[in-house]
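K.L.:
My questions will all concern the structure given below.
Quick note: the coordinates plus some simple rules give every number you see, no bench work behind them. Just so you know, these numbers come straight off a predicted model, no measurement behind them. Counting neighbours? That spans all protein chains shown, and the Cβs are built from the backbone with ideal geometry, glycine included.
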Amino acid sequence: MSIRVRKFIGTIALLALVFVWALFAMAAAQFMLPAVNGWVAAIYYVVAGLGWVLPAMPLIRWMQRPDPEPS
């Protein structure tokens with residue numbers, strides 16, 4: 001698979017990941033955060049906002065892998 005195809009597939013997958021992650025984080029916040037302190041909510045939103053980075057790292061590494069050398 002060429003790097004162009006991997007980047008296209010990876011871009012679509014990253015967009016889907018961020019979209020699903022944001023929906024999940026918002027839904028979880030609606031159930032967990034209504035009665036908590038503002039600082040706790042702020043910490044949750046920082047962690048949830050940055051949480052998609054860890055699952056995205058292997059995908060980005062796969063996208064950037066160089067093309068195999070032709071033999």
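K.L.:
Per residue of segment 39-56, what does 6.51 cos²θ - 1.76 cosθ + 1.60 with θ = phi - 60° give for ³J(HN,Hα)? Whole Hz please, x for Gly and Pro, Karplus curve as stated.
P.N.:
5, 5, 5, 4, 5, 4, 5, 5, 5, 5, x, 9, x, 6, 5, 4, x, 7
K.L.:
Please give the contour-minus-distance gain from N37 to L14: 0.36 nm per residue of separation, less the Cα-Cα distance, rounded to one decimal in nm. Could the numbers behind the result be given before it?
P.N.:
Values: separation 23, 0.36 × 23 = 8.28 nm, distance 3.21 nm.
Contour length minus the Cα-Cα distance gives 5.1 nm.
K.L.:
Mean residue ellipticity at 222 nm from the helices of the chain, using -39,500 (n - 2.57) per DSSP H segment of n ≥ 4 over the full residue count, to the nearest 500 deg cm²/dmol?
P.N.:
It lands at -26000 deg cm²/dmol.
K.L.:
With each pseudo-label sitting 7 Å past Cα toward Cβ, what's the I3-Q30 distance in nm, one decimal?
P.N.:
Those two pseudo-labels are separated by 4.3 nm.
K.L.:
Further question on the same structure: What does the C-alpha gyration tensor say about the overall shape of the chain? Classify as rounded when a/c is under 1.5, otherwise prolate if a/b is larger than b/c, or oblate.
P.N.:
Judged from the Cα gyration tensor, the chain comes out prolate (a/c at least 1.5, a/b above b/c).
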